[in-house]
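What follows draws every value from the coordinates through simple rules; no lab data is involved. All values derive from a computational prediction rather than experimental measurement. Quick reminder, even Gly has a Cβ in these numbers, built from the backbone with ideal geometry, and neighbours come from all protein chains shown.
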Amino acid sequence: MTELDPATRDALAALILTVADDELVIGYWDSEWTGIAPMLEEDVAMSSVSQDEIGHAAALYAMLGELTGRDPDELAYAREPDAFRHAPLLDHPRTDWAFTIGRRYLYETADAARLQALAGSSYEPLAQLAAKMRREERYHLMHVDAWLRRLAAAGGEVRERLVAALERLGTDALGVLDAPDDEALLLSAGILPEPMASVRARWLERIGGPLGELDLPVPSGGPRPGGRRSHGPDFAWLHGEMTMVSRSEVGATW
Amino acid sequence: MWEVFRQEAEGDPMVHGGSVNAPDAELALHYAREFYGRRQESHRLWVVPREAIAELDDPDLLDPPFDRSFKRPGGYIIKHKLEAAKARATPPDEA
């Protein structure tokens with residue numbers, strides 16, 4: 001593609017930042033299950049999935065570094081909480097296992113629809129990375145889908161907790177696929193091959209079937225406007241945790 | 001419990017890798033992948049419910065008390081016989 005004009009480049013950088021922050025923050029929340037997951041095998045699986053997400057974030061921050069000249073480690077660990085641009089879905093704490101599975105299901109399916117679109121981006125590095133991430137996300141989807149079906153079929157308190165989580169998270173899940181800033185610029189440059197609204201429609205259509213079969217609530221309502229720009233006390237706590245080591249000696253190398 | 005077998009490359013034998021605890025085959029495969037396949041060390045994985053395995057470990061049957069060395073390839077020395085056969089098979093003008 002031809003050289004990007006500054007406004008389009010800024011819009012592209014902002015788009016990459018939203019995806020990177022989503023992956024970093026869900027990776028950190030779910031990594032909290034390390035040591036306390038329902039069984040040893042699941043402990044390893046959830047820790048490994050979380051590590052994958054943080055790995056995707058690292059690749060996205062590196063791409064952003066190439067584009068803007070900013071240091072990837074600084075992007076991940078030296079920003080204040082309100083400079084993060086993750087979706088409101090990821091502002092909630094880990095809560096319980098059903099909540100984590102409910103959120104992972106909503107996030108992973110929305111992320112899959114987003115990556116499918118980004119794999120067709122005219123910005124070649126992004127298209128290639130999205131294609132690579134999709135190969136790994138396939139397993140994440142299989143893993144969370146297996147858990148969703150089991151919790152839904154378990155009945156009793158397990159199912160109640162799952163239903164409550166999906167009801168609580170439905171609106172915020174829509175925010176994962178909100179239109180990025182300056183979407184028109186991204187669309188005309190082909191960086192986004194289609195508006196996020198149509199990605200969101202495809203996502204809702206895709207999850208409607210499985211959620212319907214399990215008689216689980218489907219996301220509805222309108223996402224919190226500007227939800228990517230401000231984050232509550234739960235994220236402030238997580239931010240403190242995830243930046244603790246890097247803050248302990250700024251600029252340290254190892 | 002599920003016993004996990006892994007193959008390192010197409011055509012290699014399936015080798016027992018270890019075991020995972022899982023409620024069913026689907027999750028057992030997920031966990032087998034995490035334990036035995038996420039570092040590109042496996043080309044194929046099998047999970048087998050432990051109950052499906054029939055076991056034989058009777059020393060009377062597997063380790064008989066009498067000398068049975070003639071049943072092992074090393075128990076019958078054929079080196080000199082092979083050499084003699086080779087000499088017979090080689091035409092005299094090539095010898």
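In what sequence, highest mean first, do B:29-41, A:83-95, A:39-51 appear when ranked by Cβ atoms within 10 angstrom?
Working: B:29-41: 17.3, A:83-95: 21.1, A:39-51: 18.8.
Descending packing order for the listed peptides: A:83-95, A:39-51, B:29-41.
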When the scattering of the protein assembly as shown is computed by the Debye formula from its Cα atoms alone, each counted once and equally, what is log10 I(q)/I(0) at q = 0.06, 0.07, 0.14 Å⁻¹?
-0.33, -0.42, -1.23
Can you sort A:Thr18, A:Thr100, B:Thr90 from fewest to most other Cβ atoms within 10 Å of each residue's own Cβ?
B:Thr90, A:Thr18, A:Thr100
As I understand it, the dipole of the stretch A:164-222 uses +1 on the Cβ of Lys and Arg and -1 on the Cβ of Asp and Glu, about the Cα centre. Which of A:Gly175, A:Gly222, A:Gly208 lies farthest toward its positive end?
A:Gly208
Any idea what angle helix A:233-242 forms with the longest principal axis of chain A, computed on alpha-carbon atoms, 0 to 90 degrees, nearest 10?
70 degrees
Based on DSSP H runs of at least 4 residues, each adding -39500 (n - 2.57), what is the mean residue ellipticity at 222 nm of chain A after dividing by all its residues, to the nearest 500 deg cm²/dmol?
-23000 deg cm²/dmol
Per-residue ellipticity at 222 nm for chain B, helices alone: DSSP H runs ≥ 4 residues times -39500 (n - 2.57), over residue total, nearest 500 deg cm²/dmol?
-8000 deg cm²/dmol
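Given Cα pairs under 8 Å that are at least 6 residues apart, what percent is the relative contact order of the stretch B:2-90?
Details: 83 pairs, mean separation 23.7, N = 89.
RCO, the stretch B:2-90: 27 percent.
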Mind checking the mean number of beta-carbon atoms from other chains within 10 Å of the Cβ atoms in A:32-39?
1
